[in-house]
Amino acid sequence: MVNLFNLTAAAAAASVAILDHTQTFAVDLTNTACTNFTPVEQFRWHSTPAEAWKLTAVGSNFEVNNVRCGTVLSYAGSVSGANPERSQPVGLSGSNTTWNIVAVNSTTFRFLESVSGRALTAWANVPDQDSNSSPLTLEANRAGDDRQLFFFTTPL
C-alpha cells in the first residue's frame with residue numbers, strides 16, 4: 001500500500017514522489033540528467049532520485065524542483081512564453097514556472113501550470129512499445145480526465 005500525502009504534508013516534506021492516477025508510474029526527470037530541457041516523463045515508480053521532487057510555495061502556487069538537480073518542472077516554451085498546449089514537461093534551471101496544485105480530494109491533485117491553466121496529463125502506458133515509461137504533456141484542464149490526477153508519496 002502506498003502512503004499518500006495531503007498537500008500540507010507534501011509541501012512540508014523534504015521531498016515527494018508524484019504518482020500518476022494508477023499509482024504505478026512516477027513523474028521522472030529522465031536519467032536524473034541535470035541539463036536544461038531534460039524531458040520529464042512518467043516512469044514505472046522505483047524510488048530513485050529522478051523521482052524526488054520538492055514543493056516550494058510561491059504565493060498561492062508551487063515551484064516544483066527535482067531534488068538532485070534543482071531543476072524546475074517546466075516546459076520548453078516557458079522561456080519564450082509560448083502556449084504550452086501539448087508541450088512535454090522538462091527540467092529547466094532558473095525557470096519561473098509555478099503550478100497551481102488543486103486538491104480533488106485529500107490525497108488526489110491536479111497540477112495546473114499557473115499562467116496558462118494547462119494541466120499536467122499522464123498518457124497511457126503501451127506495454128508493446130515500452131513497459132516502463134510513457135509521456136506527460138500539458139493539456140486543457142478537463143475535470144473528468146483521470147489522466148490529470150496525481151498523488152504524493154515518499155520518494156525514497
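The values are calculated or read from the model by the stated rules, or taken from the named source; none is laboratory data. Since the structure is predicted, the reported quantities are computational estimates derived from the model, not experimental observations. Quick reminder, even Gly has a Cβ in these numbers, built from the backbone with ideal geometry, and neighbours come from all protein chains shown.
For Arg68, the stated conditions hold: it is farther than 21 Å from Leu138 by Cα and either under 13 Å from the mean Cα position of the chain (by Cα) or charged (D, E, K, R) (or both). A Cβ distance below 6 Å, combined with a sequence gap of six or more or placement on separate chains, defines the contacts here; from the range 38-52, residues that are in contact (Cβ under 8 Å) with a residue 60 or more places away in the chain and acidic (Asp, Glu) reach residues that are part of a loop (DSSP other than H, G, I, E, B) and buried (at least 21 other Cβ atoms within 10 Å of the Cβ) in the pairs Glu51/Pro155. Which is out of contact with any Phe, Trp or Tyr (no Cβ under 6 Å at 6 or more places or on another chain), closer than 19 Å to Trp45 by Cβ and among the small types (Gly, Ala, Ser), of Ser116, Ser106, Ser131? None of the other options fit; the residue is Ser131.
Just to be sure I understand the filter: pairs with C-beta atoms under 7 Å, separated by 6 or more residues or on different chains, first member in the range 83-109 and under 15 Å from Leu55 (Cβ atoms) and modelled with pLDDT of 95 or more, second member among the basic types (Lys, Arg) and surrounded by 13 or more Cβ atoms within 10 Å (Cβ to Cβ). Which pairs pass? What qualifies is Val102/Arg110. For the range 45-58, the set of residues classified as touching a strand residue (DSSP E or B) at 6+ places or on another chain (Cβ under 6 Å), surrounded by 15 or more Cβ atoms within 10 Å (Cβ to Cβ), more than 11 Å from Phe152 (Cβ to Cβ) and not aliphatic (A, V, I, L, M) consists of Trp45, Glu51, Lys54, listed by residue number.
Among the residues of the range 121-156, those identified as in contact with a helix residue (DSSP H, G or I) (Cβ under 7 Å, 6 or more places away or on another chain) and either hydroxyl-bearing (Ser, Thr, Tyr) or not in a loop (DSSP other than H, G, I, E, B) (or both) are Thr121, Ala122, Phe152.
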